[in-house]
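These notes are about the structure you will find just below.
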Amino acid sequence: MGNSIVSPANVSSPMAADLSESTIVREYCNKTPKSARLAEQAQGIFPSGITHDVRHIEPHGIYVTHAQGSHKWDVDGNEYVDHPGGHGSLLLGHGNPTVVQAVQEQLNKGTHYGACHELELRWGALIQEMVPCAERVRPTNSGTEATLLALRLARAYTGQKKILRFVGHFHGWHDHVAFGVTSHHDGSPTPGVLPEVAEHTLLAPPWDWQQTKEILESRDDIAAVIIEPTGSTWGQVPLQPQFLSDLRDVTRQRGIVLIFDEVISGFRCSPGGAQGALGVVPDLAALGKIVAGGMHGAAVVGCKEILDLLDFRQMASLGREKIGHQGTYNAMPTTCAAAVATLEIIQTTDACQRAIDYGRRLQDSLNAVFHEEGVGWIAYGSFGGFHVFLNPENISTTREEIESGKFDYACLRAPVRPTLSNKIRVGLLLYGVDVQPWPGAPVSAVHTDEDREQTQEAFRKTIQMLKAEGEL
Ligand SMILES: Cc1ncc(COP(=O)(O)O)c(C=O)c1O
């Protein structure tokens, strides 16, 4: 087997070859020579040289040395407006002094006690106070673990096997949620996932309430429905609040556990997440990212009766088998220190609203540039961030129409040439702005109007270069 492996360092991807003639890519490479060298080393260590798929950029991503507020710096000394902010985990930006101090103080007291500690109590109590459905809280290490545990709890609670998910909705990477997100929308398993697992997972269209309702009402074997409450992939295909309240009603009537995946929307749409903002309360919620204050950590929260399945005394008194749940790094003291400091600020300030307002102003600025440059792109999103619809079919529409749910997944996530989306990301980096690949990003409470203007100009210059290269 060893003989058949070609070292990735010796092959360049087809996309990298396509990009070799691009001025955008050439200028980016000239600006980031040290990152390029590190990326080459990384090819011999990590698959694709990266540690998370979203960090895949051709010909290479940037290597960051430090970050502060809404900015970060790379090994070549370049400064960037950082929109994603730790993949959406840093609502308060990088290095918030209160959060840093709390973590530093905790580091001196110990990182891991392998025992209960008061900070986890404060963390759990804050989550209970802030998140409407959180009668009980169970920490996990990541959002992926949180959705995994939530689904298992729902199956054990109902005794049913099937999970209903929605096309395009992202819940991490474990087996039950690995397909039907960016591909395999027919429900077939992605490589490595058992067909038996896929068979027990139903996919529904989140833009069609009647079809969803029919599935829910025609079966008696559904344990849980899991949904991103602002719409698929952080609201990229916006979901209407009415859909959520209808879903709440039908799942309640049918005895199906309703799970909100609030890994991104939690503590972002409002201090109480999407459920706090929209007034629709699920049975369970998966929390991640902001809940751990930018450190590693997440949680399943929800109604006591379901989380009691994890409770030694409760299960013993009912003569039922408890669900086991471990996790070496659950509620690490350092994570709890960051989390408590962060959630206290979110609870007592307008941090969520500031991020939402900045996101809205940024969308306005981007839409002005798209209009001036005569491209059909549209910026939108109501969740404390922005998405850019690249509009490959050049549909005549508006931000308001997109947000009102007029378009489905197939339209809003219609494939664009991989070279185009990669060049957009590289172009923005060339002009000092980092975003997520689609393009879009969550934003923070500390982004400024200068950041907004720089982002606007980065989009303008990137569009102009794309035109010059014949991409637009
Ligand atoms: C909505 C949603 N669910 C689940 C996850 C998975 O969380 P994690 O990356 O912490 O495993 C993410 C991560 O981006 C997410 O956005």
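Please treat every number below as a calculation from the coordinates, not as lab data. Remember, it's a predicted structure, so these values are computed and weren't measured experimentally. Reconstructed Cβ throughout: ideal geometry from the backbone, glycine too, with neighbour counts over all protein chains shown.
Extending 7 Å from the Cα toward the beta-carbon at both residue 321 and residue 199 defines two label points whose distance is 2.1 nm.
Cα gyration tensor of segment 411-472, axes a ≥ b ≥ c as square roots of the eigenvalues: rounded (a/c below 1.5), prolate (a/b > b/c) or oblate? Provide the component values of the computation, followed by the final result.
Numbers: a/c = 2.45, a/b = 1.40, b/c = 1.76.
Taking the square roots of the gyration eigenvalues as a ≥ b ≥ c, segment 411-472 is oblate.
From the convex hull of the Cα coordinates of the chain, what is the mean projected area in square nanometres? Can you show the working numbers first?
On the way: hull surface 93.5 nm².
Mean shadow area of the hull around the Cα atoms is 23.4 nm².
Relative intensity of segment 138-254 on a log10 scale, I(q)/I(0) at q = 0.23 Å⁻¹, equals -1.56, per a Debye sum over C-alpha point scatterers of equal strength in the absence of solvent.
Residues whose amide H lies under 5 Å from that of residue 231, counting only those 5 or more places away or on a different chain, are 239; hydrogens are built 1.01 Å from N in the peptide plane.
In units of the compact-protein estimate 2.2 N^0.38 Å, segment 16-105 shows a Cα radius of gyration of 1.25.
Considering only 267, 336, 355, the residue lying farthest towards the positive end of the dipole of the chain is 336, judged by Cα position with unit charges set on Cβ.
Which whole-number percent gives the relative contact order of segment 97-348, counting Cα pairs below 8 Å spaced six or more residues apart?
Details: 484 pairs, mean separation 74.4, N = 252.
Relative contact order for segment 97-348 comes out at 30 percent.
If you sort the three axes of the alpha carbon gyration tensor as a ≥ b ≥ c, you get a/c under 1.5 for segment 143-209, which makes it rounded.
Residues of the chain were split at every exposed loop site, defined as trypsin sites (Lys or Arg not before Pro) in a DSSP loop with at most 12 other C-beta atoms within 10 angstrom, and the longest piece left, sites excluded, is 1-160. Out of the DSSP beta bridges found with both residues in the chain, what percent are antiparallel (nearest 5)? Of those bridges, close to 60 percent are antiparallel.
Distance between the C-alpha centres of segment 20-58 and segment 268-288: 37 Å, rounded to the whole angstrom.
How far, in nm, would the chain grow between residue 184 and residue 349 when pulled straight, counting 0.36 nm per residue and subtracting the alpha carbon separation? Could the numbers behind the result be given before it?
Numbers: separation 165, 0.36 × 165 = 59.40 nm, distance 4.21 nm.
Stretched out fully, the residue 184 to residue 349 stretch lengthens by 55.2 nm.
Note on 28, 409: ascending count of other Cβ atoms within 10 Å places them as 409, 28, the fewest first. The slack between residue 410 and residue 76, meaning 0.36 nm per residue of separation minus the straight C-alpha distance, is 116.3 nm.
So if R0 is 51 Å, what FRET efficiency would residue 111 and residue 371 give, r being the distance between their Cβ atoms, rounded to the nearest 0.05?
Details: r = 51 Å, r/R0 = 1.00.
After rounding, the FRET efficiency stands at 0.50.
Relative to the Cα centre, what is the charge dipole magnitude of the chain, using +1 at the beta carbon of each Lys and Arg, -1 at the beta carbon of each Asp and Glu, and rounding to the nearest 20 debye? Can you show the working numbers first?
Numbers: 39 positive and 54 negative charges, 152 e Å.
Roughly 720 debye, rounded to the nearest 20.
Label positions at residue 242 and residue 30, each projected 7 Å from the Cα along the C-beta direction, are separated by 5.5 nm. Comparing 436, 389, 416 along the charge dipole axis of segment 370-459, the residue lying farthest to the positive side is 416, per the Cβ-charge model. The amide H of residue 142, built 1.01 Å from its N in the peptide plane, has 298 as neighbours under 5 Å, considering only residues 5 or more places off or on other chains. Charge tally around residue 353: other residues with Cβ under 15 Å, Lys/Arg +1 each, Asp/Glu -1 each, net +2.
The fewest-to-most ranking of 312, 407, 260, 389 by surrounding Cβ atoms within 10 Å reads 312, 407, 389, 260. Convex hull volume of the Cα atoms of segment 196-260, normalised per residue: 86 Å³.
Give the shape of segment 166-320 as rounded, prolate or oblate, defined through the alpha-carbon gyration tensor: a ≥ b ≥ c are the square roots of its eigenvalues, a/c under 1.5 means rounded, and otherwise the shape is prolate if a/b is larger than b/c and oblate if not. It would help to have the intermediate numbers written out before the result.
Working: a/c = 1.24, a/b = 1.11, b/c = 1.12.
The shape class here is rounded.
Percent relative contact order of the chain, based on C-alpha pairs within less than 8 angstrom and at least six residues apart?
Working: 889 pairs, mean separation 96.1, N = 472.
About 20 percent, as a whole number.
For chymotrypsin sites (Phe, Trp or Tyr not before Pro), the sites in segment 39-117 that DSSP calls loop and that have at most 13 other Cβ atoms within 10 Å are 113.
Toward the positive end of the charge dipole of the chain, with +1 on the Cβ of Lys and Arg and -1 on the Cβ of Asp and Glu, the farthest Cα among 115, 459, 211 is that of 115.
Placing unit charges on the Cβ atoms only, positive for Lys and Arg and negative for Asp and Glu, gives segment 186-268 a dipole magnitude near 300 debye about its Cα centre.
Can you sort 20, 444 by how many other beta carbons sit within 10 Å, fewest first? All intermediate terms of the calculation are to be shown ahead of the outcome.
Details: 20 11, 444 29.
Neighbour counts put them in this order, fewest first: 20, 444.
Taking amide H positions as modeled 1.01 Å from N, with prolines and chain starts lacking one, no residue 5 or more places away or on another chain lies under 5 Å from residue 432. Whole-Hz Karplus values for segment 47-57 come out as x, 6, x, 10, 10, 6, 4, 5, 8, 7, 10 Hz, taken residue by residue from phi with 6.51 cos²θ - 1.76 cosθ + 1.60 and θ = phi - 60°; glycine and proline positions read x.
Can you compute the charge dipole magnitude of segment 95-250 about its Cα centre, using +1 on each Lys and Arg Cβ and -1 on each Asp and Glu Cβ, nothing else charged? Give it in debye, rounded to the nearest 20. Display every interim value, and only then the final one.
Working: 12 positive and 18 negative charges, 61 e Å.
Roughly 300 debye for segment 95-250.
Extending 7 Å from the Cα toward the beta-carbon at both residue 23 and residue 467 defines two label points whose distance is 1.2 nm. Expressed to the nearest 5 percent, the antiparallel share of DSSP beta bridges inside segment 97-348 is 40 percent.
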